[in-house]
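These notes concern the structure reproduced below.
The values are calculated or read from the model by the stated rules, or taken from the named source; none is laboratory data. This is a predicted model, so every value here is computed, not measured. For neighbour counting, all protein chains shown are included, and Cβ atoms are generated from backbone atoms with ideal geometry for every residue, glycine included. These accessible areas exclude ligands, DNA and RNA; they are computed on the full protein's heavy atoms, side chains included. Shrake-Rupley method; radii C 1.70, N 1.55, O 1.52, S 1.80 Å.
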Amino acid sequence: MQLIFEKHKQGRRGFCFPGPDVPLAKPLAAKYCRSKDTHIASLSELDVVRHYTNLSRLNFSVDTNFYPLGSCTMKYNPKFTERIAAFEGFSNLHPLLPQLAGGGMLAQGSLEVLYETEKFLSEITGMSAFTMQPLAGAHGELTGVMLIAAYHKNNGSRRKYVIVPDSSHGTNPASAAIAGYQVIVIPTGKDGYMDLEQYKKHLNNDVAAVMLTCPDTLGIFNPHIKEIADMAHQVGALMYYDGANLNALLGKARPGDLGFDVVHINLHKTFGTPHGGGGPGAGPVGVSEALVDFLPIPRVVRRSDATYALEYHRHKSIGYIAPFYGNFGVILKAYAYMLCLGKDGLIEAAELAVLNANYCQVMLKDHYDLAFEKNCMHECVFSAARQAKNGVHAIDIAKYLIDKGYHPPTVYFPLIVKEALMIEPTETESKETIDAFIEVMIEIAGLAKDDPIRVKQAPLHMPIKRLDETKAAREPNLRWKP
Amino acid sequence: MSYTPHTQEDIKQMLQAIGVSNIEELFKDIPKGLRAKSFNLPHGKSEIEVTNHLKGLSEKNAANLISFVGAGFYDHFIPAALDAIVNRPEFYTAYTPYQPECSQGWLQSIYEYQTAICELTGLDVSNASLYDGGTAVYEAAMMAIRFTGRNKIIMDSGMSLIYRAMLYTYTSNLSVEFVEIPVVHGQSSREELFKHLDDKTAAVILQNPNFFGAVDDHSDVVERVHKYGALAISSVYPVSLGMLKSPGEMNFDIATGEGQSLGIPLSFGGPYLGFMAAKKELVRQMPGRIVGETVDSDGKRGFVLTLQTREQHIRREKATSNICSNEALCALRAVVFLSLLGRSGIKEMAERNYQKAEFAKEVLSKIKGVEVKRSSPTFNEFTVMLPRRADDVVYRMIDRGFACGFPLGRFYKGMDNYLLIAVTEKRTKEEICRLADSLEAVLCS
Ligand SMILES: Cc1ncc(COP(=O)(O)O)c(C=O)c1O
């Protein structure tokens, strides 16, 4: 498709301002003004609408395709939450209104949403308090690690290391490093669990935190989790919970009960808010009692008269990590989702997510190698190593699935699984959808034996074929030029 | 309400296939002693009930005041066509376009967004978005620290206090030295800045227009900064770029900013849009996703995520940033907004903002006791000095239906009587005149 800039026609316009109603003022001195126009395209409203509507049709999305992208929890996003976020009382609210004198009273509805969401999340995870400010999962990780650093500093200890398993998501080591820590990587044993001997070897009182995902990125619940936490606590290290996989545990287990001290949640995964083509999400962070004082400012508090206020004067706080109170629009959708599902609906979500994943695992395990012979929770991880012997790699399987109208599973993650295919069906998908997907996966396994070339040619039915990614990186063309 | 499609029969068949007799068995790896100690939540409600409840809460917010509050976050108009486009589920229920063949719509849109940001800022390359304007400034500072191998950051105290506070938080465990330059007569003090500039300086960060609304031409500062081998970073209000000299024209190395004003609702603080553009030699230091153009096996144009060896999923602890999810949908809003306005509409919008603010200055300066600060030119926001505490005046103006501005004493010591007033294209002449009348009445009472 042509670029929007290639459709430009001088003189067209897609929006009109009302006629000027104030007298013309003296123009700004030329030295402050731009000398050249931009090359933003000028088009009619219809041109713009048609351009982006047609572009949208080139995307797979949850509403149009099964999207079992592991680790991302691509569940259905209930429509009514979109309407709620668009209520003018929410969408038009300036974030600085509470800063005006008496202004807290101007935003009581939104403050209540923040306060109540915090309470829900605390109960769901077994933590003492939450900050709703982090703007995505990785932002939550960075906030969490900074909270851990503040905690240790307050105890007069300067620790140097953060431990992560080699199965961890890339954001975990990246967040630890950005917060100023050195990262120690613990290998995964043959049994699929973090190697406890190696872990013990590296654990000492220079370790600030251990960052884990649970169930881990292999979709496995590690039964030694409490032991791992206890050992960390014995040397004064804190346990960090990457909540990307919380969907598996709703009502079944809580990170707080498992011994975690700091938790982030991806509202855009577990709590049904849309992924927006890559964002916005929200990554609220929960902490145990010992860390509450360090939470970012402001905090939302409830006064004895049942009104809500913002508290800024907290001398142990790490400070500001976001401009305001978090991605409010996203938090609001997650709150509506939680109210709607309630206790039973959330438990049911976890149960059926785990059911769907186990069903996928069982139906496919004769055709693909399981990464580890274990029960899975909400996602199952296969290796296409068997298929790769015939030249059919995970990426080829992904492309064939695209031709068949399925968004591929996550491929090549976790990094420790060769040719990884990580499948997370989520609870909102029906048996029929999953059966049809399984059928295609089995078809691919067959083709990998009999006609590997056919798989490697895919996709043949999409608007484009495979793209030259090497060229893209070697000769970067990152913008259109006039 | 639940959104799961399973019938009892489905569940039975699936359990049978798995070889277990009930769902609970699927959770047997969680030891009994580690089961949830509590899960005390209310029962689910219907869509009607939840909608009504939240409608009620939304009405407890005073979102209908006539707003002259800006301070970095502005009440601009959002065309209906924009909402129609971003509300297409093919956009908002997709995820990061990892698989280009089924994500060309998103990838091309981001490529167009990157182009639009480069055009606005006058720089070479843009990424696919960051969380907000504050994290964008922080990421830019870290880029400069890595690029120069130095660790001193000089920043203008005319940059939003919120962003400065965020920078301090993020670097509190790193060895970064900060120097803040005072604002003199509304603008960053050259004298102070040059005094601190040395060959240990990684970057100088300036905001335009600054927090007080003052417009500056930073070309002279940038030239000096480059003499010391440091980078110049601009934090900029994108709507103003329809009129103001761009960071590129002033030779800045990196431009960042809050993109909220480009078609994104205020929404009580987020989701917003951090944008970042830079000179091309800095591209490998950039954080976040970047989309590039390439060709498919038939030679046809297509788009992919590129230069990924900078990113956390490949480089892990050595990545340029930890960002994964970004603000893609807000970036889409920005490029659609700019495209609806078009080349001349962007200029016209900036012009309208400037004209209305100038008119407001005229009208307000006629009120006895109100002094409009005129030491520097402004864009759509300006500072006035009142004969008494601004927060008190703001409070009284609320009863009259106005959020009349931001009381600067909240952020700056000694500025209790100062009010920061923003006027966007949405404000009418009539509203501005009523603002003045009400302010006069409040000041007289
Ligand atoms: C296991 C895991 N951790 C962390 C993240 C980062 O979350 P976000 O993308 O919200 O920053 C992800 C997201 O894909 C993830 O899958």
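Determine the dipole magnitude for chain A: charges of +1 sit on the beta-carbon of Lys and Arg, -1 on that of Asp and Glu, nothing else is charged, the reference point is the Cα centre, and the result goes in debye to the nearest 20.
Values: 49 positive and 50 negative charges, 404 e Å.
That gives chain A a dipole magnitude of about 1940 debye.
Normalised by the number of residues in the range A:1-124, what is the relative contact order in percent for Cα pairs under 8 Å and 6+ residues apart? Intermediate values should be presented prior to the final figure.
Values: 51 pairs, mean separation 25.2, N = 124.
RCO, the range A:1-124: 20 percent.
Using DSSP, restrict attention to beta bridges with both residues in chain A and report what percent are antiparallel, rounded to the nearest 5. Mind showing how you got there, number by number?
On the way: 20 of 37 bridges.
The answer is about 55 percent antiparallel.
With contacts defined as alpha carbon pairs under 8 Å and 6 or more residues apart, what's the relative contact order of chain B in percent?
Details: 784 pairs, mean separation 87.2, N = 445.
Result for chain B is 20 percent.
Relative contact order for chain A: what percent, with Cα pairs under 8 Å and sequence separation of 6 or more?
Numbers: 849 pairs, mean separation 87.4, N = 482.
That works out to 18 percent.
Anything in chain A that counts as a DSSP H helix reaching 24 Å or more along its axis (C-alpha) with Kyte-Doolittle mean of at least 0.0? List them, would you? Write out the running numbers ahead of the final one.
Working: long enough: A:108-125 (25 Å, -0.18); A:137-154 (25 Å, 0.17); A:328-364 (40 Å, 0.99); A:431-450 (28 Å, 0.48).
In chain A, the long hydrophobic H runs are A:137-154, A:328-364, A:431-450.
So which trypsin sites (Lys or Arg not before Pro) in the range A:218-327 pass both tests, a DSSP loop state and at most 11 other Cβ atoms within 10 Å of the Cβ? Spell out each step's value before the answer.
Working: sites: A:226, A:252, A:269, A:299, A:302, A:303, A:314, A:316; in loops: A:252, A:303, A:314, A:316.
Passing both the DSSP loop test and the Cβ count: A:303.
Relative to 2.2 N^0.38 Å, what does the C-alpha radius of gyration of the range A:1-142 come to as a ratio? Two decimals please.
Values: Rg = 22.9 Å, N = 142, 2.2 N^0.38 = 14.5 Å.
Relative to the rule-of-thumb radius for its length, the range A:1-142 sits at 1.58.
Using the Cα centre of the protein assembly as shown as the reference point, and only Cβ charges (+1 on K/R, -1 on D/E), how large is the resulting charge dipole? Debye, rounded to the nearest 20.
1820
Averaged per residue, what accessible area in Å² does chain B show with a 1.4 Å probe, protein chains only?
Numbers: 14460 Å² over 445 residues.
With all protein chains present, chain B gives 32 Å² per residue.
Select from the range B:342-390 those chymotrypsin sites (Phe, Trp or Tyr not before Pro) which occupy a DSSP coil region and have at most 14 other Cβ atoms within 10 Å, ordered by residue number.
Filter output for the range B:342-390: empty list.
Any number yet on Rg/Rh for the range A:348-472, C-alpha, Kirkwood? Kindly include the intermediate steps, with their values, before the conclusion.
Details: Rg = 14.4 Å, Rh = 14.8 Å.
Here the Rg-to-Rh quotient is 0.97.
For the pairs A:389/B:28; B:200/B:279; A:31/B:429; A:365/B:37; A:75/A:200, note any where the Cα-Cα span goes beyond 31 Å. Don't skip to the end; give the middle numbers.
Details: A:389/B:28 35 Å; B:200/B:279 21 Å; A:31/B:429 28 Å; A:365/B:37 34 Å; A:75/A:200 38 Å.
Over 31 Å Cα-Cα: A:389/B:28; A:365/B:37; A:75/A:200.
Of A:431, A:201, B:55, B:28, which has the most accessible area and how do the rest follow, probe 1.4 Å?
Numbers: A:431 30, A:201 145, B:55 85, B:28 120 Å².
Largest to smallest exposure gives the sequence A:201, B:28, B:55, A:431.
Return the aspartates and glutamates within reach of residue A:201: Cα separation strictly under 18 angstrom, same-chain partners fewer than 8 residues apart disregarded; answer none if there are no such residues.
Reachable aspartates and glutamates: A:166, A:227, A:230.
Expressed as a fraction of 2.2 N^0.38 Å, the rule-of-thumb size for a compact globular protein of N residues, what is the C-alpha radius of gyration of the range B:8-51? Could you put the intermediate results ahead of the total?
Details: Rg = 15.8 Å, N = 44, 2.2 N^0.38 = 9.3 Å.
For the range B:8-51, the normalised Cα radius of gyration comes out at 1.70.
To the nearest 100 Å², how much accessible surface do chains A and B hide from each other in total, with a 1.4 Å probe? Don't jump to the answer; show the numbers that get you there.
Values: alone 24300 and 23190 Å², together 30240 Å².
Its buried surface, counting both partners, is about 17200 Å².
May I ask you to list the lysines whose Cα is less than 17 Å away from that of residue A:316, ignoring any residue fewer than eight positions away on the same chain?
Cα-Cα hits under 17 Å: A:153.
Choose one of B:377, B:15, A:323: the residue whose Cα lies farthest towards the positive end of the charge dipole of the protein assembly as shown (beta-carbon charges +1 Lys, Arg; -1 Asp, Glu; about the Cα centre).
B:377
Project the alpha carbons of the protein assembly as shown onto their principal axes and report the range along each, largest first, in whole Å.
Principal extents (Cα only, largest first): 84, 64, 59 Å.
Across 5 Å bins from the origin, how do the percents of Cα pairs in the range B:397-445 run, short distances first?
Binned Cα distances yield the sequence 5, 18, 26, 25, 16, 9, 1.
Quick check: at a probe of 1.4 Å, how many percent of the accessible area of chain A sits on carbon and sulfur atoms?
49
Note down the magnitude of the dipole of chain B about its Cα centre, charges +1 on Lys and Arg C-beta and -1 on Asp and Glu C-beta and zero elsewhere, to the nearest 20 debye.
On the way: 49 positive and 53 negative charges, 151 e Å.
Taking the Cα centre of chain B as origin, the dipole is about 720 debye.
Within the range B:270-304, which trypsin sites (Lys or Arg not before Pro) sit in a loop by DSSP and count at most 12 neighbouring Cβ atoms inside 10 Å? Let's see the in-between values first.
Values: sites: B:279, B:280, B:284, B:289, B:300, B:301; in loops: B:279, B:289, B:300.
Those that pass, being in a loop and sparsely packed, are B:300.
Heavy-atom accessible area per residue, chain A, 1.4 Å probe: how many Å²? Before the final figure, lay out each step's value.
Working: 15780 Å² over 482 residues.
For chain A, the solvent-accessible area averages 33 Å² per residue.
Rounded, prolate or oblate: which one fits chain A, using the alpha carbon gyration tensor with axes a ≥ b ≥ c (rounded when a/c is under 1.5, else prolate when a/b beats b/c, else oblate)? Write out the running numbers ahead of the final one.
Working: a/c = 1.68, a/b = 1.06, b/c = 1.59.
In terms of gyration-tensor shape, oblate.
Sequence neighbours fewer than 8 away in the same chain don't count; with that in mind, list the lysines whose C-alpha is under 26 Å from residue B:60.
Leaving aside lysines fewer than 8 places away in the same chain, those within reach of residue B:60 are A:79, A:119, A:333, B:45, B:426.
Using alpha carbons only, what's the Rg to Rh ratio of the range A:80-340 with Rh from Kirkwood? Mind dumping the intermediate values first?
Working: Rg = 18.4 Å, Rh = 18.7 Å.
Rounded to two decimals, Rg/Rh equals 0.98.
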